[in-house]
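To start, the structure under review is shown below, and the notes come after it.
Throughout, read-outs are computed from the coordinates displayed, never taken from laboratory work. Quick caveat, the model's predicted, so the values are computed rather than measured. Cβ placement follows ideal geometry from the backbone for every residue including glycine, while neighbour counts extend to all protein chains displayed.
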Amino acid sequence: MSAKDDIIAILEKEARAILEISEKVDENINKAIDVIYNCKGKIVVTGIGKTGIIARKISATFASTGTPSIYLHPAEGIHGDLGMVDHNDVILMISNSGETQELIDMIPYFKKHENKIICLTSNFESTLAKVSDVTLNIGVSKDYEPLGLVPMASTTTALAMGNALSTVILRKKNFKEEDYAILHPGGIIGKKLLLKVNDVMHSGEENPVIDENHNLREAILIMTSKGLGCVSIVDNLGKLIGIITDGDLRRILQKYGNPLELEVKQLMTKKPKFVTPKTLGINALELMEKHAITMIPVVNDKNEPIAMLHMHDLIKAGIVENIKNCSH
């Protein structure tokens, strides 16, 4: 058997392991969901060794989807960290054998504080299974594990069960994309749903604006001094009526022999696209991409250009990873 065939066979075996535990799901799953959903504190996930790594991941998934959760290392727990556990917390223990001594040693504390205990195990006759309020079956045959010893398929099934529990809970809590963004403000998803134009726009002295009756020479001076490669054109009431960009300048110079003394109202792009300070950054970006522009005026409710937004500011803010170059 080639290495490729061997890899495929292993992946198929782990997939079958997950399918097998799905067939073992019984009414206990509803009890577990109710216990987690009604938890007034946090979900304390615990396990040791390779199972401990899985426990950390399950805890992180709960926490990132709206259910407060921590990972408790059993060895650290019995040496002082049990103080992190409140009586309102739910304990989620993971042990394939159900006889992990470090977990067993914490049971008296959990019982004293009347914590609800959910156990993921393959041994329903084990010590942990018997002391738990709810026991969920993640058991696989030793045939699924290399040498019948190395925990691989069993950790896969534990993780799969943890993911399933987290997913059902987030749905019951009506956890939405916006909620996820709030908990992930540093990531691209968070920025797409939270970042607004007013977070990155150039306003005040940085905002390039000129009256329609001024000439192109003056417009170029403003464009150069502000460094944004464009200028908003306003009428005598201060309303946005046009824009001139670096791209427009190139077209103007091709069309006119000596345009510097011409009024900008003769040369501007009329009725330009615009956004407001409250526009989501991702929506502004989509508008700019759609119309192949890199700068866009930001207007208030009186249609006065109060700022300028540059596509590069959105990119620098981390709203996208990669984007094609655009020009006005």
**Message:** If you average the C-alpha positions of the range 255-271 and of the range 281-295 separately, how far apart do those two centres end up, in angstrom?
**Reply:** 25 Å
**Relative exposure of SER97, SER122, judged by other C-beta atoms within 10 Å (fewest first)** = SER97, SER122
**Request:** Report the dimensions of the range 3-175 along its three principal axes from the alpha-carbon atoms, largest first, rounded to Å.
**Result:** 50, 37, 26
**Asked** Could the peptides 13-24, 33-44 be put in order, highest first, of the mean number of other beta-carbon atoms found within 10 Å of their residues?
**Response** 33-44, 13-24
**Request:** Any chance you could give the angle, 0 to 90 degrees and rounded to 10, that helix 246-255 forms with the longest Cα principal axis of the chain?
**Result:** 30 degrees
**Prompt:** Tell me which aspartates and glutamates have Cα within less than 18 Å of LYS13's Cα, excluding those fewer than 8 residues away on the same chain?
**Reply:** ASP5, GLU23, ASP143, GLU145
**Asked** Which of the lysines could a cross-linker bridge to LYS273, judged by Cα under 30 Å and excluding same-chain residues fewer than eight apart?
**Response** LYS191, LYS192, LYS196, LYS226, LYS239, LYS255, LYS265, LYS290, LYS302, LYS316, LYS324
**Request:** Could you give log10 I(q)/I(0) at q = 0.11, 0.20, 0.24, 0.25 Å⁻¹ for the range 56-131, computed by the Debye formula over C-alpha point scatterers of equal weight, without solvent?
**Result:** -0.26, -0.90, -1.24, -1.31
**Message:** Cut-off under 17 Å on the C-alpha distance; same-chain residues fewer than 8 positions from LYS130 excluded. Which lysines are left, in chain and number order?
**Reply:** LYS31, LYS111, LYS112, LYS116
**Item:** Helical contribution to [θ] at 222 nm, DSSP H n ≥ 4, -39,500 (n - 2.57), averaged over the chain, rounded to 500
**Value:** -12000 deg cm²/dmol
